[in-house]
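Notes for the one structure printed next.
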Amino acid sequence: MNLFRCPDCGETRLEEVMVNVTTASTITALDEGGDAEYGSQSHEGGVTVRFQCINCGWSINSDVDNTEELFDYLTSREIHPGHVDYERPIVPKNVPEI
Ligand SMILES: [Zn+2]
């Protein structure tokens, strides 16, 4: 089942781009000079600015800025939202999926 299919590259994975998000990160190491390594992160707040193809960046109509509108947008185009396998390798642009 596809969540989405990019009209430019055929990718089926979609990402949500947000601004004004507060992120809290666990610091797991701090080297001399101040280089830090980070562990888990949590996010709070934020405003969605767009939904876009995870491979090429093609974005859905900018009027779609929440997941309810995303659902309506996809279903109005006869795309039936479901689950997507994010562990699957990203399909390179313009290369057909085997
Ligand atoms: Zn794409």
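The values are calculated or read from the model by the stated rules, or taken from the named source; none is laboratory data. All values derive from a computational prediction rather than experimental measurement. Counting neighbours? That spans all protein chains shown, and the Cβs are built from the backbone with ideal geometry, glycine included.
Checking each residue in segment 1-33 for being among the acidic types (D, E) and within 16 Å of the ligand (Cβ to nearest atom) picks out D8, E11, E15, E16. Checking each residue in segment 31-44 for being surrounded by fewer than 10 Cβ atoms within 10 Å (Cβ to Cβ), in a strand (DSSP E or B) and small (G, A, S) picks out G39, S40, S42.
Any residue in segment 16-30 that's loosely packed, with under 10 Cβ neighbours inside 10 Å: show its pairings with residues that are among the acidic types (D, E) and assigned to a strand (DSSP E or B) at Cβ separation under 6 Å, as long as the two are six or more apart or on different chains. Short answer, once both residue conditions are applied: T22/E44; A29/E37.
The set of residues from segment 18-31 being touching a Ser or Thr at 6+ places or on another chain (Cβ under 7 Å) and of a type in the set (A, V, I, L, M, F, W, C) comprises M18, A24. Evaluate segment 34-51: report whether one residue or more is of a type in the set (V, I, T), more than 16 Å from the ligand (Cβ to nearest atom) and closer than 24 Å to E78 by Cα. Yes, some residue in segment 34-51 is of a type in the set (V, I, T), more than 16 Å from the ligand (Cβ to nearest atom) and closer than 24 Å to E78 by Cα.
Restricting I79, I98, I60 to residues that are touching a helix residue (DSSP H, G or I) at 6+ places or on another chain (Cβ under 7 Å) and either of a type in the set (F, W, Y) or modelled with pLDDT under 95 (or both) narrows the list to I60.
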